[in-house]
Ligand SMILES: NC(=O)c1ccc[n+]([C@@H]2O[C@H](COP(=O)([O-])OP(=O)(O)OC[C@H]3O[C@@H](n4cnc5c(N)ncnc54)[C@H](OP(=O)(O)O)[C@@H]3O)[C@@H](O)[C@H]2O)c1
């Protein structure tokens, strides 16, 4: 079987078009969704992520501002910036680009963001709500995975979903999203990690297999059930001297052989990647609506 490719670029474009319409309608009511991004230091990957968030915001007609702070900024200065963003009605969403320098506590910074403006969905209050099945901003990458599944006609309801990886930003929140008794969820979820003695034992039983390990091409065809839906969250740089930049991007899935067995598969790049920023834009629009109703 040759798998159908689930294009994150196409699904993201579809959602962004919907968001653009919603933003235009909100503007007519005097509501302008606004995103405040805090960037500490000059990490090239972080700069690139922040740039794509700014570009995406502009594309859908939202207000966006990036506050750049030097690498050696003290933690309390970062908290002061967040405090100002929390109080300023121009911003319906706030995000602090991770990773942060070692002298700044990620937990302190995230907890300082008002849960109402936490568009990354990482605040402990929002993660608690997520687990309880209460309305809250969903963490962007796992929410993007859910949208890819639903919009490609692969409703997770009743399916055996196996997630490889239990990070706080992907594996754990994705498990929490998909296990809820809710539309677009209601799956039976298993999470595997380095504590599993035989990962393949679990992956082979998956109707929907999500790889989020950060291990290039670790999911091989023999680990995948015939006809499974495979979502590859991994983005890994693999040295490649034939490329000008010296590396190529690889997912956590051994793409070609797995695509021969799967019914659906997401590529890397162009799969989950474009969904993450899109769901951030979605969360900011939702947040603007909620704040305007208060
Ligand atoms: N496309 C996007 O927008 C996006 C967003 C976020 C992340 N990513 C990518 O997704 C991947 C995962 O990111 P992350 O932040 O979740 O990574 P992470 O924090 O490093 O977590 C990796 C998880 O995978 C597990 N793991 C690692 N090797 C394993 C193995 N051989 N067998 C089973 N489990 C294994 C780890 O288990 P333990 O807990 O036991 O250590 C851990 O739970 C990375 O490639 C990252 O670049 C992409």
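The numbers here are math on the coordinates, done by the rules we state, and not lab data. Quick caveat: nothing in here was measured; it's all calculated off a predicted structure. Quick reminder, even Gly has a Cβ in these numbers, built from the backbone with ideal geometry, and neighbours come from all protein chains shown.
If I take all pairs of Cα atoms in the chain, what percentage of them are more than 33 Å from each other?
Details: 10385 of 43071 pairs.
For the chain, the fraction of Cα-Cα distances above 33 Å is 24 percent.
Could you list 6, 163 in order of exposure, starting from the residue whose Cβ has the fewest other Cβ atoms within 10 Å?
Working: 6 24, 163 30.
Fewest-to-most Cβ neighbours within 10 Å comes out as 6, 163.
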| message | From the helices alone, meaning DSSP H stretches of at least four residues, give me the mean residue ellipticity at 222 nm for the chain, per-run term -39500 (n - 2.57), in deg cm²/dmol to the nearest 500. | response | -12500 deg cm²/dmol
| Just from the alpha-carbon atoms, what are the Rg and Dmax of region 30-117 in angstroms? | 12.7, 41
| So for the chain: antiparallel DSSP bridges make up what percent, rounded to the nearest 5? | 10
| task | Set the Förster radius R0 to 41 Å, insert the Cβ-Cβ distance between residue 90 and residue 196 as r into 1/(1 + (r/R0)^6), and round the FRET efficiency to 0.05. | result | 0.30
| task | Provide, as a two-decimal number, the C-alpha radius of gyration of region 239-294 over 2.2 N^0.38 Å, N being how many residues it has. | result | 1.78
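Among 225, 68, which comes first, then next, by fewest other beta-carbon atoms within 10 Å? Could you put the intermediate results ahead of the total?
Working: 225 18, 68 14.
Ordered by Cβ neighbours within 10 Å, fewest first: 68, 225.
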| Over region 140-272, what per residue volume does the convex hull of the Cα atoms give, in whole Å³? | 107
| query | How much of the DSSP beta bridge set in region 140-272 is antiparallel, as a percent to the nearest 5? | reply | 20
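Can you sort 242, 263 from fewest to most other Cβ atoms within 10 Å of each residue's own Cβ? Mind showing how you got there, number by number?
On the way: 242 6, 263 17.
So the residues, fewest neighbours to most, are 242, 263.
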